[in-house]
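First the structure, in the form of structure tokens, and then the observations on it.
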Amino acid sequence: MSTGESRGRPEAPYPYVGPDELREPIEQALRRVVDPEVAMTIVDVGLVYGVGVSDQTVSVTKTMTLAACPVADVIVEDVESELNRVVPEDLKIHVELVWQPAWTAERMSARAKAFMGW
């Protein structure tokens with residue numbers, strides 16, 4: 001299992017615990033999920049708090065920018081759909097939506113901040 005750098009690539013913008021061979025496919029899958037309200041990936045917006053892979057489950061802990069976000073269910077479904085494309089079919093996918101710690105703009109990537117003009 002790996003939680004740090006892998007083969008010279010920088011660490012993901014969220015904690016990852018799991019097999020090294022799934023780290024990149026999972027990150028790429030999460031980068032395909034777009035928050036339609038801000039037109040950026042959930043990774044760039046900083047909505048992914050962590051990913052863990054066990055023998056039976058891929059677990060993603062994520063948040064939304066606002067608790068009253070009208071597209072929360074859509075984004076969770078998109079995460080599940082994208083992960084289903086890249087993880088072994090014997091692994092269950094569990095997406096947990098959390099509110100603590102609260103999301104802040106500091107979680108955004110430099111790319112997202114530049115896109116927003118910050």
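The values are calculated or read from the model by the stated rules, or taken from the named source; none is laboratory data. Small disclaimer: the values here were computed from a predicted structure and weren't measured. Glycine gets a Cβ as well: all are built from the backbone with ideal geometry, and neighbour counts include every protein chain shown.
Please tell me if D90 is farther than 14 Å from L30 by Cβ and not in a helix (DSSP H, G or I).
yes
Return yes when V76 is crowded, with 16+ Cβ neighbours inside 10 Å, in contact with a helix residue (DSSP H, G or I) (Cβ under 9 Å, 6 or more places away or on another chain) and on the phi < 0 side of the Ramachandran plot and no when it is not. Outline the logic, then answer.
On the way: crowded, with 16+ Cβ neighbours inside 10 Å: yes; in contact with a helix residue (DSSP H, G or I) (Cβ under 9 Å, 6 or more places away or on another chain): no; on the phi < 0 side of the Ramachandran plot: yes.
It is false that V76 is crowded, with 16+ Cβ neighbours inside 10 Å, in contact with a helix residue (DSSP H, G or I) (Cβ under 9 Å, 6 or more places away or on another chain) and on the phi < 0 side of the Ramachandran plot.
For region 52-74, give me each residue that is of a type outside the set (S, T, N, Q) and farther than 17 Å from D90 by Cα.
K62, M64, L66, A67, A68, C69, P70, V71, A72, D73, V74, listed by residue number.
How many of the residues making up region 39-51 are surrounded by 16 or more Cβ atoms within 10 Å (Cβ to Cβ) and either in a loop (DSSP other than H, G, I, E, B) or over 10 Å from the mean Cα position of the chain (by Cα) (or both)?
The total comes to 3.
Please indicate, with yes or no, whether at least one residue in region 94-112 is in contact with a Pro (Cβ under 9 Å, 6 or more places away or on another chain), of a type outside the set (D, E, K, R), within 17 Å of Y16 (Cβ to Cβ) and surrounded by 16 or more Cβ atoms within 10 Å (Cβ to Cβ).
Among the residues of region 94-112, not one is in contact with a Pro (Cβ under 9 Å, 6 or more places away or on another chain), of a type outside the set (D, E, K, R), within 17 Å of Y16 (Cβ to Cβ) and surrounded by 16 or more Cβ atoms within 10 Å (Cβ to Cβ), which makes the answer no.
Considering every residue within region 62-70, establish whether at least one is out of contact with any helix residue (DSSP H, G or I) (no Cβ under 6 Å at 6 or more places or on another chain) and at pLDDT 95 or above.
To start, the set of residues in region 62-70 that are out of contact with any helix residue (DSSP H, G or I) (no Cβ under 6 Å at 6 or more places or on another chain) comprises 62-63, 65-70.
Next, only the ones that are at pLDDT 95 or above stay: 62-63.
Checked against the condition, which is being out of contact with any helix residue (DSSP H, G or I) (no Cβ under 6 Å at 6 or more places or on another chain) and at pLDDT 95 or above, region 62-70 yields at least one hit.
Can you name every residue in region 22-41 that is closer than 23 Å to A110 by Cβ, at pLDDT 95 or above and out of contact with any helix residue (DSSP H, G or I) (no Cβ under 6 Å at 6 or more places or on another chain)?
Result: R23, E24, I26, E27, Q28, V34.
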